[in-house]
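This report concerns only the one structure given below.
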Amino acid sequence: MPQPIYLTSKEQERFNVLNTLIKGGMTNAKAATVLRLSLRQVKRLKKKMREKGVSAVIHQLKGRGGNNHIDLSIKEKALSLVKEKYPDFNPTFASEKLAEHQGLIVNSQTLRKWMIQVGLWKVHLQRRVEYHAWRQRKDYFGELEQFDGSYHHWFEQRLPDEFGFPKEVCLLASIDDATGKITHAKFDFNEGVVAVFNFWMEYVLTLGKPLGIYLDKFSTYKINHKSAVDNLELMTQFQKAMKILGIEVINANSPQAKGRVERLFGTLQDRLVKELRLNNISTIKDGNRFLKEVFIPKFNVQFSVIAGKPGDTHRSLTLKEKHSLKSIFSIKSTRRVNSDYTIQFKNHFYQLEEIQPTTIRPKERILVEEWLNKTIHFRFKEEYLKCFILPEKPRKILKQPAILTSHPLNWKPPPNHPWRLQNRAHFLKLRG
C-alpha cells in the first residue's frame, strides 16, 4: 500500500497553480507571476508534473536523512548504554562518560533529545531567578578562597549508618575565586573545629597561606551572639588560628554572596556521587584518595579558567609558623593551677612536676592546648609545662611548696657560686 503524500501549504499552492495551468485555466506568464518564478522554471515544472504528477512539486530531499544523520544503530547503542550504566546521569555528564568509557561520541544536545524521547530525561522548566549584582572575580590565584561544607549521602548505600540507611558525610571544599579551581577537598564526618583545622593544616602545608577566606556564619567560623557585635575580642577557635597566620576571614551574609562554592557543591552532588559509584568507592579514606589523585585534577582541567593576572599570592609558612603549626591549629582554653599544683581538665587531673621551665605559682591561669593528635599540652609564658596525669582525684595536702621553679627549692649553691663568693668577700672585709 503506497504511503500517503502530505503537502505543505507552499507545495499545495504550487500544485493548484500548475494543475490549473495544465488544464488551460491560465497562461504560463500568469503562472510565473503567481508563483514568483521565471517563465523558464514554470515550463520545466509543467513538463515535470505531466510526467510524475504530484511528486513534481515536492522537494527531492523530503523524507530523506541529512548528510550528517546519525545511524539508528548508534542511537540504539547509546540509549542502551545509558539505560544500563548511566540511568540517572544528566545528558551532558552521560555524553562525557560514553566517550570516556565506551568510546562512543555523541553530542550532549543530541543525547538530550534521545533521552527525552524514551523518558530517560525530563525537560525542566526554568526557575525564576532573583536579581543579584554580579561581582568581578579576584585578579590573582590565592587572593580569595571560598570555603564551605556540604552534608550529603556522598557514598549512597555503600556507606550505611547503624540502622542501615545511607550515612550522611560532610565534604569540606575550597575553591579559588580567581580561577574556579578546587584548591582542596576532603571528606569528614562533620564540619566541626577539628575537621576544619585538619583541612586547613593540610591546605597551608601544601599551597601556603591565602590572603583571605570567604565563608558563612556557621558557629565553627563565627560567634553568632548579640554581644559579639560590640565585643570584637569574641573569636572562635578558627578565627584565632587564622589571625595568628595572618589570613583574613570574611563572613558572607547570604549563600548567594559565596555563590561560587555553593554552585560547586551543586555540581559535585551530581557528578562526584556518580563518579564514586562508578569507581565503587565506599569509604572516606578511599574517597579522599580519589579526590586528590583523580577527581580534582580532572575537574580543574575541565572547568577552571585563567586568572585575570598571572601569579600566585599564597604566602609560604615561616619557620616559626611551621614549628608551631600544631599549636596554631589546636583547641585552646584556660585553666587555673590549684594549690596542690594540679590542673583539672575534662574530668582528669594533671600534676605539674616540681621542676618547670618557668616559675609557676598557685592560681596562675595557664593555656590548655588540645592538639589534633588528641594530646593535651599546658603552656605558660610561651613555655610548655611538664606534667603527668593522675589516676584519681588528688588528696588534700596541708603543706605545699610556695612556687615551682627551674631547680629544686632545697637547692644549695656550690662554694664557687657568686652568692657565696660575694658573702665571703663581705665577711673578710668585716674581719678587716
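Every number in this text was worked out from the coordinates using simple rules, so none of it is lab data. What you are looking at is a predicted structure, and each value in this text was computed from that prediction instead of being measured. Glycine gets a Cβ as well: all are built from the backbone with ideal geometry, and neighbour counts include every protein chain shown.
Summary table
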quantity: Span from the the stretch 310-345 Cα centroid across to the the stretch 118-176 one, whole angstrom; calculated: 32 Å
quantity: Computed log₁₀ I(q)/I(0) - Debye formula, equal Cα scatterers, no solvent, the stretch 72-117, q 0.16, 0.21, 0.23, 0.28 Å⁻¹; calculated: -0.31, -0.56, -0.69, -1.08
quantity: Helix axis angle, 108-117 relative to the chain longest principal axis, alpha carbon, degrees; calculated: 70 degrees
quantity: The stretch 270-275 - phi-based ³J(HN,Hα) in whole Hz, Karplus 6.51/-1.76/1.60, Gly and Pro as x; calculated: 9, 6, 5, 4, 6, 5
quantity: Rule-of-thumb Rg ratio for the chain [Cα; 2.2 N^0.38 Å; N residues]; calculated: 1.78
quantity: Rounded tilt (10° steps) of 9-22 against the dominant C-alpha axis of the chain; calculated: 10 degrees
quantity: The chain, dipole about Cα centre (Lys/Arg Cβ +1, Asp/Glu Cβ -1), debye to the nearest 20; calculated: 1400 debye
quantity: GNM flexibility winner over the chain from LEU421, LEU172, LEU211 (Cα, springs under 10 Å); calculated: LEU421
quantity: Which of GLN302, HIS184, MET242, positive extreme of dipole for the stretch 145-303 (C-beta unit charges); calculated: GLN302
quantity: Radius 12 Å from Cβ of ILE366, net charge of other residues (Lys, Arg +1; Asp, Glu -1); calculated: +4
quantity: The stretch 142-202, dipole about Cα centre (Lys/Arg Cβ +1, Asp/Glu Cβ -1), debye to the nearest 20; calculated: 200 debye
quantity: Measure of compaction for the stretch 22-61 (Cα Rg per 2.2 N^0.38 Å); calculated: 1.14
quantity: Label-point gap, in nm, between ASN253 and LYS285 - each point 7 angstrom along Cα→Cβ; calculated: 4.6 nm
quantity: Computed helical MRE - 222 nm, the chain, DSSP H runs ≥ 4 contributing -39500 (n - 2.57), nearest 500; calculated: -10000 deg cm²/dmol
quantity: Nonlocal amide H pairs with CYS387, under 5 Å, H built at 1.01 Å; calculated: GLU353
quantity: Top of PRO394, PRO160, PRO413 by mean-square fluctuation, Gaussian network on the chain, Cα under 10 Å; calculated: PRO413
quantity: Principal-axis tilt of helix 39-52 within the chain, Cα atoms, nearest 10 degrees; calculated: 80 degrees
quantity: Stokes-Einstein D (µm²/s) once Rh is taken as the Kirkwood radius of the stretch 145-303 over alpha-carbon pairs, at 25 °C in 0.890 mPa s; calculated: 148 µm²/s
quantity: In sequence order, calculated HN-Hα J values of the stretch 74-85 (Karplus, 6.51, -1.76, 1.60; Hz; x Gly/Pro); calculated: 5, 4, 5, 5, 4, 5, 5, 5, 5, 4, 7, 10
quantity: GNM flexibility winner over the chain from THR283, THR334, THR183 (Cα, springs under 10 Å); calculated: THR334
quantity: Gyration tensor (alpha-carbon) shape descriptor, the stretch 107-199, a/c threshold 1.5; calculated: oblate
